[in-house]
Amino acid sequence: MIRRALLLSTGERYLTITVNFAMLALVSRILTPVEIGVSVIGMSIIGIALAFREFASSQFLIQKPELTREDIRAAFGVILVLTLVIALALAISSRPLAQLFNEPGLDRYLKVISGCILIDTLSTHVISLLRREMAFGKVAVLNTTLALTSAVVTVTLAIKGFSYMSFALGWLVASIVASAMAVCFRPHLWMYRPSLRRARAMVRFGGYNGGSYLLFMMAEHLPYALLGKIVSMEATAIYNRALTISQIPEKIFIGGAVPVILPALASEAREGRSVKKAYLHGLEIITVLQWPALLVLAVLASPVVDIVLGNQWHDSIPIVRIVAIASLFSFSFALNDPALMAIGHVRDVFIRALITFPVVMVAITLAALIGGLEMTAWSLMFVIPFRAFIAINVVCRRLSMRWRDIGVATWRSLAVASTTVAVPLAIAVSSDVPFEFSISQTVAAVCAAGAGWLAGLWMTDHPMRKEIFNAMAHIRASRASPSPPSSTAAHLAAEQDVT
């Protein structure tokens, strides 16, 4: 079941990533960096504001062993109350924030988005329940429709001259569509009758989770606010686009697994199986995908920026290289929090955030004040490894692991990463202008990277080989199965799933 859920989630992620990057490529050519910078600042404010909603975390519904109607209604009630408070606070503070950043249009932008997050309450509630049930097919339909609607509306409005407001209005239309679909998937009216009768347990869980998430989001969005205030809106946009490009490997290779990780680990814990074993296997798979891709991205930053963003974003190329290398140390980030939540140690997530947040804040602030855009990027060379070191130490303590276990799980991936990047790096160094690629050199480097990755899997006998074969077998079996199945066949299949 977990492998099927992973395939569904990954397929959905690939579709949404394709749509989102198509939108990114188009909008980055239509709007100027300054216009996009205003949107980035607005989204940063929204990101921090929405972190307060995690005090009523939707993860509560996923990790709770048994759910009652009152639990579901309480979850909706708490999230609705918090969202109302957040939306009202955003609407009231939008004008002062616009004055702070000396950008009058930010006022209208934040007011529109405050309406969006209120509408999103319905779809957020339903998606949490679908994820708990491992109904990732329906989640895929919802998220894909959301991405398509947002992209079409945003690009259309950008062409029509709506500037940065095209992002806000695109979100608004997509929120309405997604919420309508969510209610169609779960048309049980009792689910949407808010209750606070059993809210205490959710708030207790969300207190730690919300606190840690709030600190994380503040650290995540701090660079945008600092660059927007100290340097310029253009610097904010360049930093944002560089981070977006650097996150391509994560979004492509890991993003599909993220919605499945917590339900899967929670299921392992409920069944009494080893979360440690699942965590280490997750590291094996993540690192063999993420590390090679990040190294190749660092080498091919110039053609990637040209293809995805266009000529007006060349200033982001060195930032992409810095962030890609720093991101090599983020290999455990997708697994750390779900592993701790699955075994009931959400408090550790909060304590870890309390340890790392002050250090991260100081490092990024000093970097922005001293060196602006590029120094802010270089600060990630300290920030990401520091966060990884603290997080892995906490997980090791709770799962009875040692650093040696981490090394055993990842050494093959390191070897695969080396074989993957070897030829692209040689092409980059031997080019007339180092690390500048012609079209033919780019194609050759990408093909060589793919061949090097497959060769590395074979030479190291990496567990990813087995995962690939299993996925191919699952796809073949799905194609070979009769459609539609008879009721008897469906009954037998259900019995097989249970056993």
Please give the length that would be gained between residue 22 and residue 92 if that part of the chain were fully extended, namely 0.36 nm times their separation in residues minus their C-alpha to C-alpha distance (nm, one decimal). 21.8 nm
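Taking Cα pairs under 8 Å and at least six residues apart, what relative contact order does the chain come out at, in percent? Kindly include the intermediate steps, with their values, before the conclusion.
Values: 683 pairs, mean separation 95.3, N = 499.
Relative contact order of the chain: 19 percent.
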Positive dipole terminus of the chain, leading residue within 383, 195, 441 (C-beta point charges): 195
What spacing in nm lies between the two simple spin-label points modelled at residue 15 and residue 193, each 7 Å away from Cα in the Cβ direction? 3.4 nm
Starting from the Cα gyration tensor of segment 125-164, take the square roots of the eigenvalues, sort them a ≥ b ≥ c, and report rounded, prolate or oblate (rounded when a/c is under 1.5, otherwise prolate if a/b is larger than b/c, else oblate). prolate
Between residue 404 and residue 467, the two model label points (7 Å from Cα along the beta-carbon direction) sit apart by a distance in nm of 2.5 nm
Could you work out how far apart the two model spin labels at residue 347 and residue 81 are, taking each label as a point 7 Å from the Cα in the direction of the beta carbon, and quote it in nm? 2.3 nm
The FRET efficiency for residue 418 and residue 444, from their Cβ-Cβ distance with R0 = 22 Å and rounded to 0.05, is 0.75
Stretch residue 32-residue 70 to full length: gain in nm at 0.36 nm per residue minus the Cα-Cα span? 8.8 nm
Using the Cα gyration tensor of segment 16-151, with a ≥ b ≥ c the square roots of its eigenvalues, what is the shape: rounded (a/c below 1.5), prolate (a/b larger than b/c) or oblate (neither)? oblate
Given charges of +1 on the Cβ of Lys and Arg and -1 on the Cβ of Asp and Glu, with all other atoms neutral, how large is the dipole of segment 370-463 about its Cα centre, in debye to the nearest 20? 660 debye
Leading residue at positive end of dipole, the chain (Cβ point charges), from 291, 85, 150: 85
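Going by average Cβ neighbours within 10 Å, how do the peptides 436-443, 81-88, 103-110 rank, with the highest at the top?
So the order, starting with the most tightly packed, is 103-110, 81-88, 436-443.
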With +1 at each Lys and Arg Cβ and -1 at each Asp and Glu Cβ, the charge dipole magnitude of the chain around its Cα centre, to the nearest 20 debye, comes out at 1440 debye
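Placing +1 at every Lys and Arg Cβ and -1 at every Asp and Glu Cβ, with all other atoms neutral, what dipole size does segment 143-251 have around its Cα centre, in debye to the nearest 20?
Numbers: 10 positive and 3 negative charges, 127 e Å.
Dipole size: approximately 620 debye.
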Sort 318-330, 150-162 for me by packing, meaning the mean count of neighbouring Cβ atoms within 10 Å per residue, highest on top. 318-330, 150-162
Where in the chain are the helices, taken as whole DSSP H runs, whose Cα atoms extend 24 angstrom or more along the long axis and whose Kyte-Doolittle mean reaches at least -1.0? 2-30, 33-51, 69-100, 105-132, 136-159, 165-185, 199-226, 275-299, 346-399, 403-430, 439-460, 463-480
Of the listed values [x] 23, 47, 23, 6, 1, 0; [y] 21, 58, 21, 0; [z] 24, 58, 17, 1, grab the one calculated as P(r) over Cα pairs in 20 Å bins from 0, in percent from the structure here. [y]
Considering only C-alpha atoms, what is the centroid distance from segment 403-457 to segment 93-138, in Å? 39 Å
Using modelled amide H (1.01 Å from N, peptide plane; none on Pro or chain starts), what sits under 5 Å from the amide H of residue 435, excluding residues fewer than 5 places away? 429
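Bear in mind that the values in this text are calculations on the coordinates, not laboratory data. Quantities reported herein were computed from a predicted structural model and do not represent experimental measurements. Backbone-built Cβ (ideal geometry, glycine too); neighbour counts: all protein chains shown.
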